[in-house]
Amino acid sequence: MYDFIVVGAGFFGAVFAYEAKKAGKKVLVIEKRDHIGGNCYSYDHPKTNINIHKYGPHIFHTSSENIWTYINSFADFNDYRHRVLTTAGGKVYSLPINLATINKFYNLTLTPDEAKEFLKSKIPAIPFPKNLEEKAISLIGRELYETFIKGYTIKQWNCDPKELPAEVITRLPVRTTYNDVYYDDNYQGMPVGGYTPIFEKLLKDVPVELKTDFFEKKDYWKSVAKTLVYTGPIDCYFNYCYGNLRWRSCRFEIEEMQLDDYQGVSIMNYADREVPFTRIVESKHFYRERADLTRGTVIVREYPCDDPAEPYYPVNLKTDQEMLTGYQKLFSQEINVIFGGRLAEYKYYNMDQVIFRALEQAEKLLK
Ligand code: UDP
């Protein structure tokens, strides 16, 4: 008999399992895939020796000193600062939208103060932005929105930006300086050696059963532990009784090249709707310190798609929010079950937020 059975070996499950084990509890982790790490899983590409994030790029960033200290106890981090470019209408611009983007787009040489006034003149009065489109226009005006946000967002989410929650766009800062670092957080970097070694350390002393689908023997797995920690999709847990929540997924097209450098930056976004992918990731730029150990390059084109078997992003339309309320009610009636992480909470969490939630739950339960 285990104290905890943890379903899913992503950040929530692995951190919770580590903390439970440290507290002297008996823990078992089961994982549907053939590897640990959830969507943070990374591997060294055999021919080039470049570390690839199999399920899309993960850049660690947080403003919490506690989380930064915690994650640094499992890996050394390099000093990578995320800088993104975007191609729109045949030109390359800096992201997130900053003074370089504004000046290039409008062919101007504004100072920060002038840019603030200029943006104000472009922004219509929207006192209470209700959705992604209104929020974006209230921050940058319609022209910048239509060029850099609208097409990308439609490709990414496959729905009208007027249906999407406003918060999605506030993930990106808007700046009237030339600061082009993508994130505002105090602590940022890439784990040297990729993410998988972090999970190997977290789960070093915990038994993990891979290729094990919880739903094939749900009652059995629930019977072997006092408490279930579930990190899979919440709608799946309740057998879709209120319907399927909308998730967005991604298809990754990987290409190895006999080139030193394909695009000169880790991520190039493609803002135009006609370009079928949203971005191209060239991972070698995440790990400058490893340059001498790699050969050639690898690029990955990302094609957002719907794939119920691989849920990555909660779309969170109004209908989803209603459904989620129903599922949360059911969850509150469950005894000895914890739900955590992006899939189980249906929240567009970043890695640091997931770790924070796992530590919070662990502290509550392991006291
Ligand atoms: N976004 C956009 N254009 C861009 C980059 C982002 O319109 O060039 C919007 C888009 O709706 C996206 C959201 O901002 O889903 C959040 O972007 P982020 O870079 O945080 O996405 P992630 O890295 O999580 O895929």
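Projected onto its three principal axes, the C-alpha set of the stretch 266-322 covers 52, 24, 17 Å, listed from the longest axis down. Each principal axis of the stretch 95-169 carries a Cα extent, and these read 36, 26, 16 Å when sorted largest first.
With viscosity set to 1.306 mPa s at 10 °C, what whole-number translational diffusion coefficient in µm²/s follows for the stretch 25-89 from Stokes-Einstein and a Kirkwood radius over Cα pairs? Provide the component values of the computation, followed by the final result.
On the way: Rh = 15.2 Å.
The diffusion coefficient I find is 105 µm²/s.
Stretching the chain fully between residue 240 and residue 73 yields a gain of 56.2 nm (0.36 nm per residue, less the alpha carbon separation). Quick note on the chain: its Rg to Rh ratio, both from C-alpha atoms and Rh being the Kirkwood radius, is 0.98. Bridging of residue 91 to lysines at a Cα separation below 16 Å is possible for 104, once same-chain residues fewer than 8 apart are set aside. With 22 Å as the limit on Cα-Cα distance, the pairs of 21/217; 22/211; 32/364; 218/329; 130/150; 211/347 that go past it are 21/217; 22/211; 32/364; 211/347.
Largest GNM mean-square fluctuation among 132, 317, 330, using the chain with Cα springs under 10 Å: 330. The alpha-carbon of residue 122 sits under 13 angstrom from the alpha-carbons of these aspartates and glutamates, leaving out residues fewer than 8 places away in its chain: 114, 143, 146. Both radii come from the Cα set of the stretch 1-149: Rg as radius of gyration, Rh as Kirkwood radius; their ratio Rg/Rh reads 1.12.
What is the sum of charges around residue 64, taking Lys and Arg as +1, Asp and Glu as -1, for the other residues whose C-beta is under 14 Å from the C-beta of residue 64? In short, -4.
To the nearest ten degrees, helix 351-366 and the longest principal axis of the Cα atoms of the chain are 30 degrees apart. Computing Rg and the Kirkwood Rh from the Cα coordinates of the stretch 154-222 gives a ratio, Rg/Rh, of 1.16.
Taking GluC sites (Glu not before Pro) as candidate sites, keep only those in a DSSP loop with at most 14 other Cβ atoms within 10 Å, then name the longest stretch of the chain containing none of them. That would be 1-273.
When the trypsin sites (Lys or Arg not before Pro) in the stretch 211-290 are filtered for DSSP coil states and for at most 15 other beta-carbon atoms within 10 Å of their beta-carbon, the remaining sites are 211, 273. The slack between residue 211 and residue 259, meaning 0.36 nm per residue of separation minus the straight C-alpha distance, is 13.6 nm.
All of the numbers you see were taken from the coordinates with simple rules; none came from a lab. Note that this is a predicted model, so its numbers are computed, not measured. When we count neighbours, we look across all protein chains shown, and the Cβ atoms used for this are built from the backbone with ideal geometry, even at glycine.
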